[in-house]
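> This structure is in structure tokens; I'll ask about it shortly.
Read the figures in this text as sums done on the coordinates, not as results from a lab. On a predicted model such as this, the values are computed, not experimentally measured, just so you know. Note: ideal-geometry Cβ built from the backbone for every residue, glycine included; neighbour counts use all protein chains shown.
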Amino acid sequence: MKTILITLMTIFGLAMCRENDDPTGPELRNDAMLYANGLAYDGCEHHVALNWNDPNKVIRYAPDAESVGLVESFLGNEPQKQGNIIYKFTGHKRTVQCGWGSKFEADEITIVSIR
């Protein structure tokens, strides 16, 4: 009986101490417009826009440092390109710099894949 109780307490304790594997939530998939770093021509740094066809509904995200290389690879020499992304929120906000001193705050995302 004592052995069973210790075993159950150990299992319960381990289950309670387990870290959440995914603190930022599930992976999401959306069609998006991906933008290159356009500061040289008064555009904005790398960013991703959802609902880009409707200026009243556009949602902009900032890719994290790990995702910028993926965005650059997808874009090649193009300043912007439409794709389908799988992404996760990092839980952070980031300021995206634009030309003429403008900027905007955006939720930061990690891009898992782009097609």
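> Which condition does Val71 not pass, out of (1) touching a helix residue (DSSP H, G or I) at 6+ places or on another chain (Cβ under 9 Å); (2) more than 17 Å from Tyr41 (Cα to Cα), if it passes all the others?
Single failed check for Val71: (1).
> Here is a follow-up. So which of Val96, Val68, Val112 is touching a Cys at 6+ places or on another chain (Cβ under 8 Å) and surrounded by 14 or more Cβ atoms within 10 Å (Cβ to Cβ)?
Details: Val68 fails: touching a Cys at 6+ places or on another chain (Cβ under 8 Å); Val112 fails: touching a Cys at 6+ places or on another chain (Cβ under 8 Å).
Within the list Val96, Val68, Val112, the selection yields Val96.
> Ok, one more. Can you give me the number of residues within the stretch 58-69 that are in contact (Cβ under 8 Å) with a residue 24 or more places away in the chain and more than 12 Å from the chain's Cα centre (by Cα)?
0
> Could you check, for the stretch 40-60, whether at least one of its residues is touching a helix residue (DSSP H, G or I) at 6+ places or on another chain (Cβ under 6 Å) and loosely packed, with under 14 Cβ neighbours inside 10 Å?
Yes.
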